[in-house]
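What follows is a set of notes on a single structure, which appears directly below.
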Amino acid sequence: MKNSNNILNIKTSTWARDSHGLYDYESHSTFKKQFSATKTCYIVRVGTEVQQTLNLTEAPGQEDFTPLCMVSLEKNEFSVLWLNEYLWSVVKTMRTKHGPGVALALDDVVKLGRVSFKITALRASPYQELSDNTQDSEDSFLQENQEKGVCRICLSDDSTAQNPLISPCKCIGSMKYIHLGCLQKWIASRMVVRNTSNCMTYSWKSMDCEICKSSFPFKIGSNDKDLELFKIDKPTAPFIVLEAVGSDRNRNRGVHVISISNDNSITLGRGHDADVRISDISVSRCHANVKFKDGSFILEDNNSKFGTLIKSGSKLMVQSTGALVLQAGRTVLSMSTKNNSNDLPDLH
């Protein structure tokens, strides 16, 4: 690897506390560092100190050693790649053609504080084909004609195309089958629906089989067709669906169906007035906004304490037009190829 005239200016800020991989954007108890990279290298954190190294095998072996990312220089262009953990783009530093924020797309994962949501469905206009990945469907076993089975709920052995006997969990024997309709009614009885003018939230404590304890999927795939177990009403466009994912899913299980009219916005936060209410202490009362502008859903941070993030791809190019700001656990990295490092944004 050869040195280059290109210089990547890097500014880092690490929160003094190690709490759930969060960074406090309001705290002044941070450790800041600024350095430059001129070749491919690794950015690591040892305790609260961020440093660069050319080889991870030669890096310190301390218990609090954490690889953050890899900086690659190819054909005079810098790129950033995640290593052990995902990198997250900091929404408050991003812009669209409409102003601050980021345009959301299907399968994007956003994080508010320590709570993550996946964009599993969206439609910008009634004429647009619905993109819906709400909890990826799982293959289900449909009862074969030659195999006898009865529904564990209604004890009937009838099976039709509209109401087939399915096997959506790990139960075997006489508990193996259940009618699609019977399971849908059971699931609906355990769901709590909360309505606001812009959002319909479906939440639940547990949707596990009471016998084998495996979780029921949102949809099951049978004969090239998806059958919905969870009946979720979807409004006329434009709307977007957020599904709770990740390690906090057990405490934030649910699906938020958000309807937004043009130029309007909805709020996400912990406050009682939020359209999408998220009961987690790491989420600010009015944490973020989602707007619908010219056919795009725009996510904006609202000066939240623990930030609004969007999961980055495996490789990010550092553009010459501005800084790339990423969060890796309790460290925020701001990178720019501009000659003047003062152009790097402040993180507070």
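The values are calculated or read from the model by the stated rules, or taken from the named source; none is laboratory data. Everything numeric in this text was worked out from a predicted model, so none of it was measured. FYI the Cβ positions are ideal-geometry reconstructions off the backbone, even for glycines, and counts take in every protein chain you see.
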statement: Among residues of region 175-193 being in a helix (DSSP H, G or I) and without any contact (Cβ under 8 Å) to a residue 12 or more places away in the chain, the residue surrounded by the fewest Cβ atoms within 10 Å (Cβ to Cβ) is S189
query: Restricting attention to region 1-52, which residues are over 18 Å from L326 (Cβ atoms) and among the hydroxyl-bearing types (S, T, Y)?
result: S4, S19, S27, S29, T38
statement: Filter region 197-229 for residues that are at pLDDT 85 or above and part of a loop (DSSP other than H, G, I, E, B); the one that is farthest from I172 (Cα to Cα) is L229
- request: Examine region 115-122 for a residue that is at pLDDT below 95 and loosely packed, with under 15 Cβ neighbours inside 10 Å, and state whether such a residue exists.
  value: no
- request: For residues that are among the charged types (D, E, K, R) and touching a Pro at 6+ places or on another chain (Cβ under 9 Å), scanning just region 81-106, find the one that is modelled with the highest pLDDT.
  value: K92
task: Scan the strands (runs of 3 or more DSSP E) fully inside region 7-67 and keep the ones with 3 or more residues being without any contact (Cβ under 8 Å) to a residue 60 or more places away in the chain and assigned by TED's automatic domain parsing to the domain that holds L81.
output: 30-37, 41-46, 49-53
query: Does P168 qualify as being more than 29 Å from T267 (Cβ to Cβ), surrounded by 13 or more Cβ atoms within 10 Å (Cβ to Cβ) and within 28 Å of the chain's Cα centre (by Cα)?
result: yes
statement: Log entry, pairs with first residue in region 261-273 being farther than 13 Å from H287 by Cβ, second being modelled with pLDDT under 90 and surrounded by 10 or more Cβ atoms within 10 Å (Cβ to Cβ), beta carbons closer than 6 Å, six or more apart or on different chains, reads none
message: I'm trying to understand the selection: among the residues of region 68-105, which are of a type in the set (S, T, Y) and either surrounded by fewer than 15 Cβ atoms within 10 Å (Cβ to Cβ) or farther than 23 Å from T308 by Cβ (or both)?
response: S72, S79
- request: Hand me the list of strands (runs of 3 or more DSSP E) wholly inside region 238-348 holding 2 or more residues that are more than 30 Å from I43 (Cβ to Cβ) and either at pLDDT 90 or above or in contact with a strand residue (DSSP E or B) (Cβ under 7 Å, 6 or more places away or on another chain) (or both).
  value: 239-245, 254-259, 265-269, 288-293, 296-301
